[in-house]
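A.B. asks: One structure, pasted below without further comment.
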Amino acid sequence: MFHVKIRRACADDFAAVYALNCASFAEAWSEDGIRGVLSGGFDVWLAVHNDALCGYLFSCDVVDEIHIMQIAIAESWRKQGIAVRLSQTLLQDKPVMACALLELRRSNRAARCLYERLGFDVCGQRKNYYSASNGMAVEDAILMRLTIRDDHE
């Protein structure tokens, strides 16, 4: 595998992050949404090779929980462990948090396998959470949780 550097994002990364978001998701975030993520309140980790964006992870903290909002990996960089490295970097950066939470489409088997490999467990579902748009059907969300600090339970 090529050397991929993991680093925090900055405002200068907007164009690359926005382009990867649009290329990765039928329900891409708006330009303003991406600008908001990069300007504060979220943790944004990037995977970069030779100044090219390979992937990113968005998360936000709510009290003592990490909420993983989105992970995107450029198509040519998938299945090379980048999502694992981004996730591990986030979790290592937040050892005082109680848990990490996320939701994903029931049909997203690749993401579910990734999170299970990282130690996440299914903890619930949201019926009809994802609306029908851009050719995608209404779909349930699977909720997943990873305990970071055992003393909080």
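A.B. asks: At 1.306 mPa s and 10 °C, plugging the Kirkwood radius over alpha-carbon pairs of segment 5-152 into Stokes-Einstein gives what diffusion coefficient in µm²/s?
C.D. replies: Estimated via Stokes-Einstein, D reaches 100 µm²/s.
A.B. asks: Now, a different point. What distance in nm separates the simple spin-label points at LYS79 and ALA52, each placed 7 Å from Cα in the Cβ direction?
C.D. replies: 1.8
A.B. asks: To the nearest Å, what is the center-to-center distance of segment 82-153 and segment 8-75, using C-alpha atoms only?
C.D. replies: 16
A.B. asks: Along its principal axes, what span do the Cα atoms of segment 70-153 show, with the longest given first and each in whole Å?
C.D. replies: Computed over the Cα atoms, the extents are 42, 33, 16 Å.
A.B. asks: I want the antiparallel fraction of DSSP beta bridges within segment 5-152, as a percent rounded to 5.
C.D. replies: 90
A.B. asks: Given only helices, namely DSSP H runs of n ≥ 4 each adding -39500 (n - 2.57), what is the per-residue ellipticity at 222 nm of the chain, to the nearest 500 deg cm²/dmol?
C.D. replies: The helix contribution divided over the chain gives -7500 deg cm²/dmol.
A.B. asks: Exposed loop chymotrypsin sites (Phe, Trp or Tyr not before Pro) only (DSSP loop, at most 16 other Cβ atoms within 10 Å): please give the longest stretch of the chain free of them, not including the sites.
C.D. replies: Here the longest segment lacking exposed loop sites spans 26-153.
A.B. asks: Around ASN128, what is the net charge, scoring Lys/Arg as +1 and Asp/Glu as -1 over all other residues with Cβ under 12 Å from its Cβ?
C.D. replies: Summing Lys/Arg as +1 and Asp/Glu as -1 gives +2.
A.B. asks: Another question about this same structure. Aspartates and glutamates near LYS127 by alpha-carbon distance under 19 Å, same-chain residues fewer than 8 away left out - which ones?
C.D. replies: GLU27, GLU103, GLU139, ASP140
No lab work stands behind these numbers, since they all come straight from the coordinates. Only a predicted model underlies this, so the values are computations on that prediction, with no experimental measurement involved. No Cβ is skipped: glycine too gets one built from the backbone with ideal geometry, and neighbour counts run over all protein chains shown.
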